[in-house]
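**Student:** Pasting a structure below so you can have a look.
The values are calculated or read from the model by the stated rules, or taken from the named source; none is laboratory data. Only a predicted model underlies this, so the values are computations on that prediction, with no experimental measurement involved. No Cβ is skipped: glycine too gets one built from the backbone with ideal geometry, and neighbour counts run over all protein chains shown. These accessible areas exclude ligands, DNA and RNA; they are computed on the full protein's heavy atoms, side chains included. Shrake-Rupley method; radii C 1.70, N 1.55, O 1.52, S 1.80 Å.
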Amino acid sequence: MYVPGAEGLGWALRALIAEDAQWALDMLLSARRTSESLGGLLSMLMLGHSSRITYEGSNAIRTDPTGRQVQPFVDLLPAASSPVITSARHATKLIDGIRKPAAPLEQQMQVLLDAHRDAMFGRAPSWMRSKLPELSVLSFRGRLLGVSPALQFQFGIPASVPATELGALLHASAEEQGGTLLILAALDLNEQRLQPLQNLTGTLDMAGVEVQIEDRRSAELIERYASSPSDVGALVLALIEGNVNTALEALRPGENTYPGPVFRARLLTLVAALTSLQTLSDGSSGLSAPGSCLELLADPRARLLAQPGGGPRRLRNALMHYRFDRQDLKLDTDEPLLGLVEAVGETKSFEDLNSVTQELLSELAEALRSV
């Protein structure tokens, strides 16, 4: 059934936000049900996605002129998001869009790395520091998911926040997001969703998701990325690889129940990873991309997704900000993702783009793993 006019587009907008919020909430609640440890780690790994949904979703429905019937839900939203959520909403962009001289990017990452070293080393003498680990590394079945300074850089948390306080800060942000996600999830007008968070439980099987966290030396990270001679260069590559692996592996439990939201999260991650690697390869950042990744960037499938102004990039922008630039879109409730892939992305079908997205993410993960 086609969705006509501005009212129809407003309904489609709210449907996307509600579905994304339901997915994020179910993922986080399911992880917490499995174990407190997994709940905390997954909420950190998903912070970029959940912050995007809460921040952009809240803004979208506040400014939607067709949203009269959901005004009671809008009134329940916080007046403003916390600084962490405001910064972390851009986390899935990685370094996409950073067109500054090398110094600012390198300096930001270096300052964070130094702060983490100070926190890990404590009062250890200088001769011992080269032998001590200074990074916390998250992984899943041997695949890198995140490295502490890179994650702090990605979420926009300044180095002035001590590493010892990050856990409490992220926990407070997760609690805030939980309440907002609960409201956004009810935009499908199912008021039964509006229950206290403590009364809700996740429905997804997270038994296979085992996130390990261990302390490592930065020298091991440089050895992993042979093409990067510096700590900062290795951290940037770890940032990209971690997000690619998170999209591929950590989000897998929700892909059958929530195919649309998982596809959207993976597409946003893939486009950001490709354009971030382009930033490394064009010299504007002062860093470099591995040769194996350069080969993938030349692939016609990757070039189409990363092309500025192309259909897939317009689709990415619509999904990122929950905004439709065209009012004449013909959306169809009988099609996956309401037919947005065909109408905005100008690609053959949702199935085709979903398949290409997963293929490229897998190939990119292997390219980064084997550098």
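**Student:** Report the gain in length on full extension from Glu351 to Arg323: 0.36 nm times residue separation, minus Cα-Cα distance, nm rounded to one decimal. Provide the component values of the computation, followed by the final result.
**Tutor:** Working: separation 28, 0.36 × 28 = 10.08 nm, distance 2.22 nm.
Stretched fully, the Glu351-Arg323 segment lengthens by 7.9 nm.
**Student:** How far is it, in nm, from the label point at Lys330 to the one at Ala172 when both lie 7 Å from their Cα along the line to the Cβ?
**Tutor:** Distance between label points: 5.2 nm.
**Student:** Heavy atoms only, probe 1.4 angstrom, no DNA, RNA or ligands counted: give me Ser160, Ser292 ranked by accessible area, highest first. If you can, show how the numbers build up before the last one.
**Tutor:** Values: Ser160 100, Ser292 40 Å².
My answer, sorted largest first, is Ser160, Ser292.
**Student:** Additional query: Of all GluC sites (Glu not before Pro) in the stretch 300-371, which ones are in loop regions per DSSP and have a Cβ with at most 16 other Cβ atoms within 10 Å?
**Tutor:** Details: sites: Glu342, Glu346, Glu351, Glu359, Glu363, Glu366; in loops: Glu346.
Loop-located and lightly packed - Glu346.
**Student:** Further question on the same structure: Check which residues have an amide H placed less than 5 Å from Leu204's amide H, if you skip close sequence neighbours.
**Tutor:** Placed amide hydrogens put Ser30 under 5 Å from Leu204.
**Student:** Still on this structure, please answer the following. Using a simple spin-label model with points 7 Å from Cα along the Cα→Cβ vector, what separation in nm is obtained for Asp114 and Arg301?
**Tutor:** 4.3
**Student:** Between the DSSP loop rule and a limit of at most 15 other Cβ atoms within 10 Å, which trypsin sites (Lys or Arg not before Pro) in the stretch 264-352 are left? Write down the numbers at each step before the final one.
**Tutor:** Details: sites: Arg264, Arg266, Arg301, Arg303, Arg313, Arg314, Arg316, Arg323, Arg326, Lys330, Lys348; in loops: Arg323, Arg326, Lys330, Lys348.
Counting only loop positions with at most 15 other Cβ atoms within 10 Å, the trypsin sites (Lys or Arg not before Pro) in the stretch 264-352 are Arg323, Arg326, Lys330, Lys348.
**Student:** Arrange the residues Thr333, Thr269 by how much accessible surface each exposes, largest first, with a 1.4 angstrom probe.
**Tutor:** Numbers: Thr333 50, Thr269 5 Å².
Sorted by accessible area, descending: Thr333, Thr269.
**Student:** Hey, got the dipole for the stretch 223-371? About the Cα centre, +1 on K and R Cβ, -1 on D and E Cβ, debye to the nearest 20? Kindly include the intermediate steps, with their values, before the conclusion.
**Tutor:** On the way: 14 positive and 20 negative charges, 71 e Å.
Dipole size: approximately 340 debye.
**Student:** Would you tell me the accessible area of Tyr258, worked out with a 1.4 angstrom probe on the heavy atoms of the protein chains, in Å² to the nearest 10?
**Tutor:** 30
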